[in-house]
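Read through the structure below, which is laid out as structure tokens, and then see the notes.
The values are calculated or read from the model by the stated rules, or taken from the named source; none is laboratory data. It should be emphasised that the depicted structure is a prediction, and the values quoted were computed from it without experimental measurement. Heads up, the Cβs are rebuilt from the backbone with ideal geometry, glycines too, and the neighbour counts pull from every protein chain shown.
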Amino acid sequence: MHINVKNIRTVLFRNIKSKYRLVIQDAETFEEKFSFKLSRLNVFITLGILIIGLIFLTTYLIAFTSLKEYIPGYSNPDLSRQVYELTLRADSLELLLDQRATYLENIQRVLTGNVPLRKAADSTIQKHDYSKIDDTRIPEDSILRKEVENQDKYGLKPGYSTSIIKSSYISSFNFFRPVNGYLTSHFDPGHGHFGVDIATAEGETVKAILDGTVIQAGWNIETGYTITIQHISNVVSIYMHNSSLLRKQGDIVKAGEPIAIAGSTGVLSTGTHLHFELWYNGTAIDPKNYIAF
């Protein structure tokens, strides 16, 4: 049986282009409301345009609007940053409320004739009781200190040996590690970070890196309890975000001697750590180049 392909194509093309009349009538009166002519080809073209338009519209809504957040698998890239900023604000507000509560309580104590609180209320400080720490010197320690003091008695500068004074370069110093822990933020002066952050356990002892004199010890709203030590050869070390200070301004400290307790005070702190800075001749330097953390 021979099939004429050309005739089949002609019939199909004629059927696709055949005109039809769509009539809308009233169901009760059979009155014609409106009507229009159409063909299979027009219906296919119209449906194709509508489908393509819906695809483009859906793609645009997903790619350029916030509707994509409601689709499983998509997330807002700014959500983590917003949560972090809100956490910092909540922590700052909580600390500010505690400080104001302590301030009002101090006023009330003064008005009633009582002794005001010495330190602002801080949750980290109140968790620990350092009054039972025994820092009494043992006899062997007193003997060793006396021997060292006698050896340096006739040095050019009191309190320091002649060998140390002759070696004025900072690279020749043997620095003591300020606290046990690990580095979480590095030295980055270009972004205003003039030291390193050392994550440590809560209540860890902070120690002096070198012999020196405490030139500043107190509270700062941003850095919390901070202590600064002046060493020889214009070397200065700074210890921030402590929960408690063990030395006061004017005290002379030795290398490795406890000077503070690590904590998380100050609005710039988000966890228990020590922010440590090392300055030489008035310029901040990277502590990692001189201290093994």
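When you look at GLY203, is it closer than 25 Å to ASP188 by Cβ and in contact (Cβ under 8 Å) with a residue 40 or more places away in the chain, yes or no? It is false that GLY203 is closer than 25 Å to ASP188 by Cβ and in contact (Cβ under 8 Å) with a residue 40 or more places away in the chain. Does segment 225-267 hold any residues that are out of contact with any helix residue (DSSP H, G or I) (no Cβ under 9 Å at 6 or more places or on another chain) and closer than 17 Å to SER92 by Cβ, and which are they? Result: MET240, HIS241.
Each row is one residue, and each column tells you yes or no for (1) at pLDDT below 70; (2) on the phi > 0 side of the Ramachandran plot.
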position: TYR103; (1), (2): no, no
position: GLN126; (1), (2): yes, no
position: GLY159; (1), (2): yes, yes
position: THR162; (1), (2): yes, no
position: PRO178; (1), (2): no, no
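Which count do you get for residues in segment 258-280 that are loosely packed, with under 15 Cβ neighbours inside 10 Å and modelled with pLDDT under 90? Final tally of qualifying residues: 2.
When each of ARG109, ARG137, ARG118 is tested for being at pLDDT 75 or above, within 30 Å of TRP219 (Cβ to Cβ) and basic (Lys, Arg), the lone residue that passes is ARG109. Counting the residues of segment 164-176 that are modelled with pLDDT under 70 and not basic (Lys, Arg) gives 4.
Residue count for segment 172-196 under the criterion of being surrounded by fewer than 20 Cβ atoms within 10 Å (Cβ to Cβ) and either in a strand (DSSP E or B) or not assigned by TED's automatic domain parsing to the domain that holds LEU278 (or both): the result is 6. Here GLY282 meets the list (1) in contact with a Ser or Thr (Cβ under 7 Å, 6 or more places away or on another chain); (2) of a type outside the set (A, V, I, L, M); (3) under 19 Å from PRO189 (Cα atoms) almost entirely, failing just condition (1). Residues of segment 269-293 that are without any contact (Cβ under 8 Å) to a residue 60 or more places away in the chain and under 17 Å from GLU202 (Cα atoms): SER269 alone. When the criteria are applied in full, VAL214 meets the requirement of being in contact with an Asp or Glu (Cβ under 7 Å, 6 or more places away or on another chain), surrounded by 17 or more Cβ atoms within 10 Å (Cβ to Cβ) and more than 23 Å from LEU96 (Cβ to Cβ).
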